[in-house]
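Okay, structure first, notes after.
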Amino acid sequence: MGEKLKGVKKTGEWISLCMSRLLQWFYVLHSRKKIALSVLAFLLVWYLFSLPGTLFDAPYSTLVSDRNGELLGARIASDGQWRFPPADSVPGKYEICLIQFEDRHFRYHPGVNPLALGRAMTQNLKAGRVVSGGSTITMQTVRLTRRNKRTYFEKFIEVILATRLELSYSKKQILALYASHAPMGGNVVGIDAASWRYFGHSAESLSWGEAAVLAVLPNSPGMMHFGRDREGLLKKRNRLLRQLLDDNTIDRTDYELAVSEPLPDHPHPLPQIAPHLVTQAFLRNPGDHIQSTVDKHLQMRAEEVLDRWNTEFSQNGIFNLAALIVDLQTNEVLSYNGNVGFGANAYGSQVDIIQSPRSTGSILKPFLYCAMLQEGMLLPAELLPDVPININGFAPKNFSLAYDGAVHADEALARSLNVPSVVSLRRYGVAKFYDLLKKAGMTTLNRPADHYGLSLILGGTEGTLWDIANAYARMAQTVTDYTREATYYEWENFRLLRDHQPRERHVFGKLNEQSQSSSSFAMTKNSAPRSKPDESPLFNAGAAWLTLQALTNVNRPEELNWDFVPSVRRVAWKTGTSYGFRDAWAVGVTPKYLVAVWTGNASGEGRPGLTGARTSARVMFDLFNILPATGWFETPYGELAEAAVCRESGQLKGMYCPESSIDTLLIPARGLQGAVCGYHRRVHLSEDGQYRVYEQCAGDRGIRSVSWFQLPPSWEWYYKQRHPAYRSLPPFSPECDSGNISDAVMQFIYPYPGAILRITKQLDGSRGKAVFELAHRNPSARVFWHLGADYLGETSNIHQMELSPDPGEHTLTVVDENGISLSIRFKVD
């Protein structure tokens, strides 16, 4: 019984031992399975994330193309390589040649061709060295991304990553990546750069022979060396072409033409069209491909025009020219000429004048005229003074150094007279005009308004051609927007970009819209904010139209001695010349186009004859002549009102204006509350018109009432020199008491009230003199001069007196032969 129990016990231990071992075996098996699953999961995760976030981190060249995709220019990548940003696709001929040469089964394998790898391994073992790689195009693309030393382990990694690449990218994208990063000899990478460098045109225009060269070149890029025997490259190309012929891919004619093509014998320079625009793109968006709004063919014609004029101007020491041509209907820049002679790199030719601040001269005057019209502060042809003035030491002079006495506002604008402009700005307000210019997009006004003062209208500030052209365009488009019945006014600065391929595109093959938007702003850095739909326009359409009408009458006979005047089109245009003849401006607009030109020296050197009309305006009209003809601005009747206006004063009809001098004109609506004519007055004359009389003293001379146009004495003195028909009032008859005369018959021309004079010394050291001048309605009258209590002498006909007052404050008094007196106070430093 005990032995039985002992046997049972041993059997139980054996069973327990077996069960324990079995459990241990199952535990080990389960643990190994877990480890295997973990390893498998790890490998799967690694495989899924094995591709880097950025496949190619190499720097790219900066490309700028025109509105139709034609290349304007490029700048080399930061590593010294011509590596164009990747394109979305590959030209058809190159694609066929590449697949035929590198990977015939490219479209069918998953990134790896096992048969090709096996064949390559067999060939290498037989030869005892590497004679074939067996890599697919996908594997070669992976190798280009890694750029590691070629080993068997590296080949294994390439196999894995090639399959992974095929899962993330289409065959088309893989071909494009390979074609854009394959070495093409020297410092040329990718077919786009190689096409331009070796054949002088884009990859889309490759011939069969050229495509075959670029297909075989990455296999031996060192063969593309212009100083070596490249017979091997030629044989490879021709062998490939023969295969295409045998496969009936090309016909016999294409084959014979292709094999007859010689290999390139020298590198081609890339296009240098709109080089300053290309440089701007390179500085702001390096490594990107930017499609601009520029029209390549118009750009080339504009550059020819500028080069021709530069040849003429350079004979006078004027070496720089810049010009913009803009389509105002789309707000797109069609031609961007930052300067001339970019390649010569002389006389500051690489300075982009379009973006460079320069003294504005008179180019801002139309904006003041328009602003005063739309606020009712000025009527289009209202008389303005044009006499010597001195405002707190600021004494502007006209370009001609002559004065008209009085001039109509539209004529003053057309002739660009300085004194009327300063008088107008003083009346309008410097601070208001300063704010208007900033709203119009002038980004160079970086100091307070009182820093510029009244000189703001005469070139006392700087502006860029870009800003000024935008402001003129804004005025012109106000009219066209209104006549198109736009519901609101919306403005944005000129567009230079049509499409922008930022660096993200090089990785993912998609256009990053956010990057496009931000870079578009960067390419037009001088941008003014867009007007919101609920904002009123900066310029009133009626006032803007009247301003443009006035600018069609710009005419300076002393400067417009041009051979091509008959070809001048109807253009609203304005010129400007800065102090010292340093900057010459011209801006012209039609409903369709704007042309803006600057002429001068980038160094700031002034030159005689460097004026807007003699230089920039001539170039501007020549540029208009290469543009299609356009119509004219439609009249914005809804923003204008008809008014009876005195032809002589330009003011609203007054009670004494003769009917023969009244015209019915269009003026801004707010102009209806403008000034009424104050220059026509009712006067009483003798019957023969020889004397002025009063009713009580007319006697036998008789009396009749007439309307008489009369200007202030200082205006009249200058005015009648240019207007012989102007008649001064006749004197009072001897019978009438002159003591009752209330008219101002005298007015000082110089000095001005409160003037501060500086008397300089002569060459011999003696004290100099100042010429004091007086205007009298009756020039033949005798006038007696007194300085303080001292009698100085008398004048007649020409009322001038040379004086040398001592330092200090003085009072100058004049008395005419009728006992009428006039005094003025001044100070001598």
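The values are calculated or read from the model by the stated rules, or taken from the named source; none is laboratory data. Source: prediction; values computed, not measured. Cβ coordinates were reconstructed from backbone atoms using ideal geometry, including for glycine residues, and neighbour counts include every protein chain displayed. These accessible areas exclude ligands, DNA and RNA; they are computed on the full protein's heavy atoms, side chains included. Shrake-Rupley method; radii C 1.70, N 1.55, O 1.52, S 1.80 Å.
Sum up the charges of everything whose Cβ sits under 14 Å from the Cβ of Ala179, counting Lys and Arg as +1 and Asp and Glu as -1, but leave Ala179 out.
Summing Lys and Arg as +1 and Asp and Glu as -1 gives -3.
Taking H placed 1.01 Å from N in the peptide plane, check which residues at least 5 places from Glu382 or on another chain put their amide H under 5 Å from its amide H.
For Glu382, whose amide H was placed from the backbone, the distant partners under 5 Å are Ala409, Asp410.
Using r as the Cβ-Cβ distance of Ser603 and Thr635, and R0 as 45 Å, what FRET efficiency do you calculate, to the nearest 0.05?
So, using R0 = 45 Å, E works out to roughly 0.50.
Can you bin every Cα-Cα distance in region 325-423 into 10 Å intervals starting at zero and give me the percent of pairs per bin, rounded to whole numbers?
For region 325-423, the binned pair fractions read 13, 29, 25, 22, 10, 0 percent.
Which of the chymotrypsin sites (Phe, Trp or Tyr not before Pro) found in region 139-169 are in a DSSP loop and have at most 12 neighbouring Cβ atoms, other than their own, within 10 Å?
none
Where the accessible area of region 755-801 is counted over protein heavy atoms with a 1.4 Å probe, how much of it, in %, is carbon and sulfur?
51
What spacing in nm lies between the two simple spin-label points modelled at Gln690 and Lys827, each 7 Å away from Cα in the Cβ direction?
The two pseudo-label positions are separated by 5.1 nm.
Considering amide H positions built from the backbone, and no H for Pro or chain starts, which residues 5 or more places from Asp583, or on another chain, come under 5 Å of its amide H?
Here Ser578 satisfy the definition.
Output the relative contact order of region 203-309, whole-number percent, from Cα pairs under 8 angstrom with separation of 6+ residues.
23
Can you tell me the accessible area per residue over region 248-330, all protein chains present, probe 1.4 angstrom, in square angstrom?
I get 45 Å² per residue for this part.
In terms of Cα to Cα distance under 16 Å, which aspartates and glutamates are near enough to Lys761, apart from those fewer than 8 places away along the same chain?
Glu802, Asp806, Asp829
Going by average Cβ density within 10 Å per residue, which order do the peptides 104-113, 326-335 take, highest to lowest?
Per-residue Cβ counts within 10 Å, averaged per peptide and sorted highest first, yield 326-335, 104-113.
For labels at Leu263 and Gln673 in the simple 7 Å Cα→Cβ model, what's the distance in nm?
According to this spin-label approximation, the distance is 8.4 nm.
Spelling out what I want: for every residue of region 675-683, take phi, set θ = phi - 60°, compute 6.51 cos²θ - 1.76 cosθ + 1.60 (Karplus), and round to whole Hz; glycine and proline get x.
6, 8, 3, x, 9, 8, 9, 8, 10
Counting heavy atoms of the protein chains only and a 1.4 Å probe, report the per residue accessible area for region 664-821 as a whole number of Å².
Solvent-accessible surface per residue comes out at 56 Å².
Arrange the peptides 306-319, 795-808 so that the one whose residues have, on average, the most other Cβ atoms within 10 Å appears first.
In decreasing order of mean packing, 306-319, 795-808 become 306-319, 795-808.
When the Karplus curve 6.51 cos²θ - 1.76 cosθ + 1.60 is applied with θ = phi - 60°, which whole-Hz ³J(HN,Hα) does each residue of region 625-632 get, with x for Gly and Pro?
Along region 625-632, the couplings run 5, 8, 9, x, 5, 10, x, 10 Hz.
Go through region 380-397 residue by residue and turn each phi into a ³J(HN,Hα) via Karplus (6.51, -1.76, 1.60, θ = phi - 60°); whole Hz please, and just put x for glycine and proline.
Along region 380-397, the couplings run x, 10, 5, 5, 10, x, 9, 9, x, 9, 9, 10, 6, x, 8, 10, x, 10 Hz.
Subtracting the Cα-Cα distance from 0.36 nm times the residue separation, let me have the gained length for His786 to Ile160 in nm, one decimal.
214.6 nm
What's the carbon and sulfur percent of region 250-362's accessible surface, probe 1.4 angstrom, rounded to a whole number?
Looking at region 250-362 in its full context, I get 53 percent from C and S.
Tally up the carbon and sulfur contribution to the accessible surface of region 605-726 as a whole percent, 1.4 Å probe, everything protein left in place.
Carbon and sulfur: 47 percent of the exposed surface of region 605-726.
Show the residues, 5+ positions off or on another chain, whose built amide H is closer than 5 Å to the amide H of Arg498.
Gln291, Ser292, Thr293
What FRET efficiency do you get for Arg427 and Glu809 if R0 is 22 Å and r is their Cβ-Cβ distance, rounded to the nearest 0.05?
Computed FRET efficiency for Arg427 and Glu809 comes out at 0.15.
Kindly report the accessible area of region 422-464 per residue (heavy atoms of protein chains, probe 1.4 Å, no ligands, DNA or RNA), in Å².
Here the residues of region 422-464 average 43 Å² of exposed surface.
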